Amino acid sequence: MSSSMKRKITIFILIIICFLLQCTVFKAVIFTHVVPNLLIVVTSSFGFMRGKKEGLYVGFFCGMLIDLFFCEFYGFYTLIYMYIGYINGFFKNMFYDDDIKLPMVLITGSDFIYGCIIYVFSFLLRGRFDTWYYFKNVIFPEVIYTVVITLIFYRIIRRINRKLEEDEKRSAAKFV
């Protein structure tokens, strides 16, 4: 199996696992009625680790899963996640594998922006103007919960990415 195909299959399995954890396990261990957004962690991580293109693709599949299972308008979450992955890809040149500060800031910012976009399109445009309530009870707790979970999940994602990059380098060295 080629290293490119191995990468695609591994990322697809990771997305499915994170989606299932987000929708099942973390729903059962609910904190203040919010769930950590593992799909934002995956999308953002692959965006800044691998670049705009991969962030876009990972965001597409993460958003598509949410659209298929939870949304009445297909494409809404897909677009949000695609933009998040693409925008995180701009930080690829600033990414250092051992530094955790940039990933934490980017994932926190991505989850906050995600929450704001959901608020605007799901509540504000429908005439629900209690912005402070939504920020205090949904956005901030979700961001904090996501950041705490990121400390664990980011290390796993980084380890998977390292392994895939090593396989790609070995595969490329065979052809040189």
Across (1) free of Cβ contacts under 8 Å to residues at least 24 places away in the same chain; (2) not in a helix (DSSP H, G or I), residue 97 clears everything bar (1)
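Outside any helix (DSSP H, G or I) and open to solvent by 80 Å² or more (accessible area, probe 1.4 Å) - does that describe any residue in the stretch 50-71?
Checking the stretch 50-71: not a single residue is outside any helix (DSSP H, G or I) and open to solvent by 80 Å² or more (accessible area, probe 1.4 Å).
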In the stretch 81-93, the residues that are in contact (Cβ under 8 Å) with a residue 12 or more places away in the chain, open to solvent by 70 Å² or more (accessible area, probe 1.4 Å) and assigned to a helix (DSSP H, G or I):
83, 86, 87, 92
If I go through the stretch 115-137 residue by residue, how many of them are touching a Leu at 6+ places or on another chain (Cβ under 8 Å) and in a loop (DSSP other than H, G, I, E, B)?
0
Pick from the stretch 25-47, criterion open to solvent by 40 Å² or more (accessible area, probe 1.4 Å) and closer than 19 Å to residue 150 by Cβ, ranking: modelled with the highest pLDDT:
25
If you go through the stretch 2-24, how many residues are among the small types (Gly, Ala, Ser), in contact with an Asp or Glu (Cβ under 9 Å, 6 or more places away or on another chain) and open to solvent by 50 Å² or more (accessible area, probe 1.4 Å)?
1
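The values are calculated or read from the model by the stated rules, or taken from the named source; none is laboratory data. The structure displayed is predicted, hence computed values, not measured ones. Neighbour counts are summed over all protein chains in view; Cβ atoms, including those assigned to glycine, are modelled from backbone coordinates with ideal geometry. These accessible areas exclude ligands, DNA and RNA; they are computed on the full protein's heavy atoms, side chains included. Shrake-Rupley method; radii C 1.70, N 1.55, O 1.52, S 1.80 Å.
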